[in-house]
Amino acid sequence: MTKKTARCVCWGLLLLLGVATPLPAQDASWAEKMFDKLEHNFGVVARGADTRYRLTITNRYVETIHISNVRTSCGCTAAKPSQDTLRSRETAYLEITMDTRKFTHQKDSAVTVVFDQPTYAEVRIPVHVYIRTDVVLTPGAVEFGAVPTGAEQTRNIAVSYAGRQNWTVRDVISKNPNLNVKIKETGRADGRVNYDLQVSLKSGTPVGVLRDQVTLVTDDASNPYIPVLVEARVEAEFTVSPQVVSFGVLKPGQKKTVNVVIRGKKPFSIEKIESEKAAGTFEVRLPKDSKIIHVLPLTMVAPETPGTVDELFTVTIPGSEEGAAFRVYGKVEAPASVQTSGPTSTSAAKVAPE
């Protein structure tokens, strides 16, 4: 076994065990391990279709990660991270889009994500798509935007085809139980065929982001499927930001404060904030007045016993049956352990314990 192979085997075992360990300074693959995938193919899409994909990035390390730059190899591609700084165990996404209006046919590109903390690294993500010229979507996606919980809404997409006189959409498929879909032919003449795609968001759709697609099934022998992006954001009466409050790694007895923001659609008051088993660990002062936005400084006093603090907090709001909730995560290190605040000359990043 070579030295390089031995290092890889050791690294893999340490990851499985959840042990915080330094990586060799020369090894930039630590950054790749944060991505849920290292390549994306949009497949065959219609011209004008909105092609967006969110690639997940999770900071698995003790140190804070910083994205200094994101670049693409082609003007047909754009990419933007949801945030450029990720604390330990924090998750963000990289939204990748392809321009299907200015470009056609096969397009191959790459997105490069550059990190400058805790040490320099680059991650290259190849991106592929084939843009049809005979099928056009107007608009390019089913976008519901912000939808109040319990509401039902409908959007329409015009599907235009130029080519065979007998071209047909045989079916439209949705695997999402919160969507109703219908397809109706609206015109056929001189090699042009038009359909109206109707997508309805059901009233019982749960709170959160809906990001899915419906698929048109055509009689094309080679490429029968046409994906259509569907997006919605079903909003609760009250929202909490961040939904997961990370306190990072603390020493026993150490105090740290993080602001929790609670928003409503109209002024509201807060009756109480509580958790099941974190008595004495957290401090928060309840506001006395009613506002649309409350900014609550939440202080964690790290307990003397080392370990993980993982708590669900509920917020009781007068007049609301649902109220609000958020999760808090923190790690209390053992008194005898010594951890640096950043990488040394012989380390790149440390894996955060599970």
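The values are calculated or read from the model by the stated rules, or taken from the named source; none is laboratory data. Everything numeric in this text was worked out from a predicted model, so none of it was measured. So basically every Cβ, Gly included, is an ideal-geometry build from the backbone, and we count neighbours across all protein chains shown.
Selection over region 319-346 of residues that are within 16 Å of R87 (Cα to Cα), surrounded by 10 or more Cβ atoms within 10 Å (Cβ to Cβ) and at pLDDT below 85 gives a count of 4. Can you pull out the residues in region 147-176 that are among the hydroxyl-bearing types (S, T, Y) and outside any strand (DSSP E or B)? Passing the criteria: T149, T168, S174.
Let's see how each residue does on (1) among the hydroxyl-bearing types (S, T, Y); (2) surrounded by 14 or more Cβ atoms within 10 Å (Cβ to Cβ); (3) within 16 Å of G43 (Cβ to Cβ):
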residue: R101; (1), (2), (3): no, no, no
residue: S109; (1), (2), (3): yes, yes, yes
residue: V129; (1), (2), (3): no, yes, yes
residue: V136; (1), (2), (3): no, yes, no
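R188 falls short of the stated requirement of being more than 18 Å from V147 (Cβ to Cβ), in contact (Cβ under 8 Å) with a residue 24 or more places away in the chain and assigned to a strand (DSSP E or B).
Restricting the search to strands (runs of 3 or more DSSP E) fully inside region 192-287 and requiring at least 3 residues that are surrounded by 17 or more Cβ atoms within 10 Å (Cβ to Cβ) and modelled with pLDDT of 90 or more gives 192-201, 208-218, 225-235, 244-250, 255-268. Filtered by the rule that a residue be under 28 Å from S200 (Cβ atoms) and among the small types (G, A, S), region 120-143 gives G140, A141.
Quick one: would you say R89 is surrounded by 14 or more Cβ atoms within 10 Å (Cβ to Cβ) and not assigned by TED's automatic domain parsing to the domain that holds T72? No. Considering only residues in region 31-68 that are closer than 27 Å to V249 by Cα and in contact with a Pro (Cβ under 9 Å, 6 or more places away or on another chain), the one that is surrounded by the fewest Cβ atoms within 10 Å (Cβ to Cβ) turns out to be H66. In summary, K182 fulfils each of the numbered conditions (1) surrounded by fewer than 19 Cβ atoms within 10 Å (Cβ to Cβ); (2) assigned to a strand (DSSP E or B); (3) in contact (Cβ under 8 Å) with a residue 60 or more places away in the chain with the single exception of condition (3). Of everything listed in (1) under 18 Å from Y53 (Cα atoms); (2) within 19 Å of the chain's Cα centre (by Cα); (3) of a type in the set (D, E, K, R); (4) at pLDDT below 95, the single unmet condition for R89 is (1).
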